[in-house]
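The structure appears right after this line, and notes come after that.
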Amino acid sequence: KNIQVSNVPTYGEYTVAEHTFALILTISRKIFESQKRIKEGVFSPEGLTGFDLNGKTLGVIGTGNIGRNVIRIAKGFGMNVIAYNRSYNEALSQELGFTYKDLDSVLRESDIITLHVPLTEETQHLINEEKFSIMKDGAIIINTSRGGVLDTTALLKVLDSGKIKAAGIDVVEEEPLLKEEKQLLTRRFNTDELQCVIEGHMLAMHPNVVMTPHNAFNSTEALQRIINTTIDNIEGFVSSSPKNTVSK
């Protein structure tokens, strides 16, 4: 119908990348367990041994605006970075000092894997039972992209078996179905939807999972960028010079 649409394309490229490492560090240095112990009045470090990021291999799935900032941070920690993307940007790989590989190679060789791709038909359950099976024993998975990129059923299995040591999750598959538990009383769910909701809660309660409530984008600076870009978009429409337009 010839309707022009604008969006806010790049507000969180630094914010989400930083949150990714907040999840990684929470896992690697047992921050949650340490804080819980202190609140209980126990100051012993016994059982809280973490691991260094320096020298570990980080696999970055998706090297767009967020992924490339994750790589920059990782290099600051002295990590070896390998990455998968639909198309290779060799200039970027040389600039940031990482290597592109096919998806299976990245999954097979990485100590920590972090997801930074949009949710499409192609990426739905990109990381599934088959992909988990080729990962290193004891690998760590981080998802700050979209819940559907990661197969929750498969993730719970590999967490329970110990194949995957830990997961840092900011997004889950159940988000479109349920924002608050009270909604369970106000609408009907089919079997698949109920399974998705239950698995999301199992994931949140799992001892080897650190989860945040889709909060990776939520910084003062990112919110201001959203406001500023939205204002620019509106002014663009008014002046017949639309900005950040979305093509089909």
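The values are calculated or read from the model by the stated rules, or taken from the named source; none is laboratory data. What you see is a predicted model; the values in this text were computed from it and never measured. Every residue, glycine among them, receives a Cβ derived from its backbone with ideal geometry; neighbour counts consider all protein chains shown. Note: accessible area is taken over every heavy atom of the protein model, side chains too, but ligands, DNA and RNA are not part of it. Shrake-Rupley method; radii C 1.70, N 1.55, O 1.52, S 1.80 Å.
Here the chain is described by how far its Cα atoms reach on the three principal axes: 64, 54, 40 Å, from widest to narrowest.
Per-residue accessible area (protein heavy atoms, 1.4 Å probe) orders Leu25, Leu159, Leu126, Leu119 as Leu119, Leu25, Leu126, Leu159, starting from the largest. Near Met211, the amide H atoms lying under 5 Å from its own belong to Ile169; only residues 5 or more places off or on other chains count, and H is placed 1.01 Å from N. The alpha carbon gyration tensor of the stretch 101-146 gives principal lengths a ≥ b ≥ c with a/c of 1.5 or higher and a/b greater than b/c, which makes the shape prolate.
From largest to smallest, the equivalent ellipsoid semi-axes obtained for the stretch 2-57 from the alpha-carbon gyration tensor read 39, 16, 6 Å. Note that the stretch 151-156 has calculated 3J(HN,Hα) couplings of 6, 5, 4, 5, 4, 4 Hz, one per residue in order, obtained from phi through the Karplus relation 6.51 cos²θ - 1.76 cosθ + 1.60 (θ = phi - 60°); glycine and proline are x. Shown here are the Rg and Dmax of the Cα trace of the stretch 17-88, at 15.2, 52 Å.
For a label point 7 Å from the Cα of Thr212 along Cα→C-beta, name the residues of the stretch 35-62 whose backbone N is under 17 Å from it. Under 17 Å, as judged by backbone N against the label point of Thr212, lie 35 of the stretch 35-62. Within the listed set Val158, Val60, Val117, the residue fluctuating most in the Gaussian network model of the chain (springs between alpha-carbon atoms under 10 angstrom) is Val158. In units of the rule-of-thumb radius 2.2 N^0.38 Å, the stretch 71-140 shows an alpha carbon radius of gyration of 1.14. Placing +1 on the Cβ of every Lys and Arg and -1 on the Cβ of every Asp and Glu, with nothing else charged, gives the stretch 20-82 a dipole about its Cα centre of roughly 200 debye.
Phi angles across the stretch 111-122 convert, under the Karplus curve 6.51 cos²θ - 1.76 cosθ + 1.60 with θ = phi - 60°, into 3J(HN,Hα) values of 7, 10, 10, 10, 9, 9, 10, x, 8, 9, 4, 6 Hz, Gly and Pro given as x. Between Ala83 and Val60, Thr99, Tyr100, Lys101, the built amide H atoms are under 5 Å apart, and every one of these is 5 or more places off in sequence or on another chain. For a modelled paramagnetic label at Ile198, 7 Å from Cα along Cα-to-Cβ, the residues of the stretch 133-162 in reach, with backbone nitrogen under 14 Å, are 153. Using every pair of separate Cα atoms, the Kirkwood estimate puts the hydrodynamic radius of the stretch 125-175 at 10.7 angstrom. Projected label points at Thr245 and Ser133, each 7 Å from Cα along the beta carbon direction, are separated by 4.8 nanometres.
Along the chain, the exposed loop sites are GluC sites (Glu not before Pro) outside DSSP states H, G, I, E and B with at most 15 other Cβ atoms within 10 Å, and the longest stretch free of them is 47-120. Accessible surface of the chain, 1.4 Å probe: 52 percent of it comes from carbon and sulfur atoms. Per residue, the solvent-accessible area of the chain (1.4 Å probe, heavy atoms of protein chains only, all protein chains present) comes to 57 Å². Charge dipole (Cα centre; +1 on Lys/Arg Cβ, -1 on Asp/Glu Cβ; no other charges) of the chain amounts to roughly 320 debye. Stretching the chain fully between Arg108 and Lys39 yields a gain of 21.0 nm (0.36 nm per residue, less the alpha carbon separation). Using the Karplus relation 6.51 cos²θ - 1.76 cosθ + 1.60 with θ = phi - 60°, the per-residue 3J(HN,Hα) values for the stretch 159-174 come to 5, 5, 7, x, 4, 9, 6, 6, 9, x, 10, 10, 9, 9, 5, 6 Hz, with x marking Gly and Pro. The largest accessible area among Ser105, Ser239 belongs to the first residue in Ser239, Ser105, and the rest follow in falling order (1.4 Å probe, all chains). Here the scattering of the stretch 6-127 is modelled by Debye summation over its C-alpha atoms, one equal scatterer each and no solvent; at q = 0.10, 0.17, 0.23 Å⁻¹ the log10 of I(q)/I(0) is -0.37, -0.89, -1.34.
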